[in-house]
Amino acid sequence: MIKKIRRKINQRLKDKDLSEIVKKSASGFFISILGRNFGFAQQLVITNFYGAAAFGVFRVCFSILSLVGIFGRFGVDMAISRFVAQYRKQDRMDLVNEIFQIGLKMVFPLAVALTAGIYFLAPWLSEKFYNDPNGEVPDFTPYIQIFSIGIIFFVLSGVIEEGIRGLKKIKEYTWINNVSTQAFSIIILLLAFTFTTNMYIVNVSYVLGLIFTFILGVYYWLKFVPYKKVEEPELSRKELLKVSLPMLSAKYLTTLYTWLGTLILAAYVAPDEVGVFNAAARMSAFATMPLIAVNNISGPRFAEAYGESDERSLRKTVRLSTRLIFWTAMPIMLLFYLFPEQILGIYGKEFKTSDAILTFAVINAGQVI
């Protein structure tokens, strides 16, 4: 029986498409696990050393950063991934270099404007929605302003990350997408804790992590695609916008769905309650690791097949990716439903309440869907 199963697996892995998805997803999967662990460690450092309220404020500011930052990318990041994958397969690295430069020139002015806009709008946002004079965090203004500085690095890093993804450099992509920001933030948080437990440090550490990730992303990109000035342009912004705008709408709706709940919740409850909600949501996100790992390699394959009008290859990649995601995600979800109290308890006593467990169960149901 075992020999039969092993033989069937070996036969499946001889399939070139499945083999590439499995092997490259595996490396991305393990780096993704590492990234989730760093993200999880960051949560534990914040909640244990700086408090649940600090974590709640951090998540509110991160929600603003995500919504504004995704708009700032304008869908260019995902369009870059598609074009880079297409031109790389055609061995047109000159076009890879050109489309990347066009993308950066498009998003940079918008990123600067959004950074300045959120910085100066922070007092109004705080007063209108989040300030509680009698609460643990009476004024959100400085926290939002700290995060606003990170918008420009968030936007530019997103374009660089997706370009690296299009090159099929999955390890490097997963590293800067999932690991580097959190890892650097943890280092700052632990070092700072020896001197102070001021809540500002939580936000400052993350912004410094974004800057570090941006620098690392630039290093990786120049390593794979050395800079070369475009003398005679063959591509145009209009061509990039045709692809980026539809992608922006789809991505922004997803981001809005993900973070709007946190922003609305923060307007009605205390920051520590926001922290409990977000801790449960972040724990539930572990179940999406297989999806992220498989999509990291499947995404460029979709772009290649679409660019070449290869419907057969496109259908095959969808089928193989879906099966792989299902069978790797289900065991994680089962653990969440069987041992919710024990899993949430690692955050502390305040996360073992019946309300927290119910929140965790509802969020997990959404992940399954």
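The values are calculated or read from the model by the stated rules, or taken from the named source; none is laboratory data. Note that the structure is predicted; figures quoted are calculated from it, not measured. Cβ sites come from the backbone with ideal geometry, for glycine too, and all protein chains shown count toward neighbours.
The figures follow:
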| read-out | value |
| --- | --- |
| Index of the failed condition, Val269 passing every other in (1) part of a helix (DSSP H, G or I); (2) surrounded by 13 or more Cβ atoms within 10 Å (Cβ to Cβ) | (1) |
| Close pairs (8 angstrom Cβ cut-off, 6 or more residues apart or separate chains): among the small types (Gly, Ala, Ser) in the stretch 133-152, outside any helix (DSSP H, G or I) anywhere | Gly135/Ala270 |
| Long-range neighbours under 8 Å by Cβ, at least six apart or interchain, first residue farther than 17 Å from Leu358 by Cβ within the stretch 328-339, second β-branched (Val, Ile, Thr) and at pLDDT 80 or above | Leu335/Ile343 |
| Lone unmet requirement of (1) modelled with pLDDT of 90 or more; (2) within 30 Å of Arg82 (Cβ to Cβ); (3) out of contact with any Leu (no Cβ under 9 Å at 6 or more places or on another chain) for Phe147 | (3) |
| Meets criteria (touching a helix residue (DSSP H, G or I) at 6+ places or on another chain (Cβ under 9 Å), of a type in the set (D, E, K, R) and at pLDDT below 80) for Arg319 | no |
| Count of the stretch 220-232 residues which are aliphatic (A, V, I, L, M) and either in contact with a Leu (Cβ under 9 Å, 6 or more places away or on another chain) or within 23 Å of Phe62 (Cα to Cα) (or both) | 1 |
| Subset of the stretch 177-206 (residues that are within 15 Å of the chain's Cα centre (by Cα), surrounded by fewer than 23 Cβ atoms within 10 Å (Cβ to Cβ) and β-branched (Val, Ile, Thr)) | Val179 |
| Test for Phe140: is it within 23 Å of Ile160 (Cβ to Cβ) and among the aromatic types (Phe, Trp, Tyr) | no |
| Only one of Gly69, Gly39, Gly75 that is within 28 Å of Tyr119 (Cα to Cα), of a type outside the set (A, V, I, L, M, F, W, C) and in contact with a Ser or Thr (Cβ under 7 Å, 6 or more places away or on another chain) | Gly75 |
| Scan of the stretch 322-353 for residues that are among the polar types (S, T, N, Q) and at pLDDT 80 or above, ordered by number | Gln342 |
| Positions within the stretch 102-125 being closer than 12 Å to Ile146 by Cα and touching a residue at least 40 places away in the same chain (Cβ under 8 Å), in sequence order | Ile118 |
| Selection from the stretch 71-106 of residues that are more than 14 Å from Gly166 (Cα to Cα) and either modelled with pLDDT of 85 or more or small (Gly, Ala, Ser) (or both) | Phe71, Gly72, Arg73, Phe74, Gly75, Gln101, Ile102, Leu104, Lys105, Met106 |
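Each row is one residue, and each column tells you yes or no for (1) touching a Leu at 6+ places or on another chain (Cβ under 8 Å); (2) touching a residue at least 60 places away in the same chain (Cβ under 8 Å); (3) over 24 Å from Glu350 (Cβ atoms); (4) not in a helix (DSSP H, G or I).
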| residue | (1), (2), (3), (4) |
| --- | --- |
| Leu189 | no, yes, no, no |
| Thr197 | no, yes, no, yes |
| Val202 | yes, yes, no, no |
| Leu208 | no, no, yes, no |
| Phe212 | no, no, yes, no |
| Val218 | no, no, yes, no |
| Glu234 | yes, yes, yes, yes |
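So that you can scan it fast, the table gives a plain yes or no per residue for (1) under 30 Å from Arg88 (Cα atoms); (2) crowded, with 23+ Cβ neighbours inside 10 Å:
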{"site": "Lys128", "(1), (2)": "no, no"}
{"site": "Asn134", "(1), (2)": "no, no"}
{"site": "Ile144", "(1), (2)": "no, yes"}
{"site": "Ile152", "(1), (2)": "yes, yes"}
{"site": "Glu161", "(1), (2)": "yes, yes"}
{"site": "Gly166", "(1), (2)": "yes, yes"}
{"site": "Lys169", "(1), (2)": "yes, no"}
{"site": "Trp175", "(1), (2)": "yes, yes"}
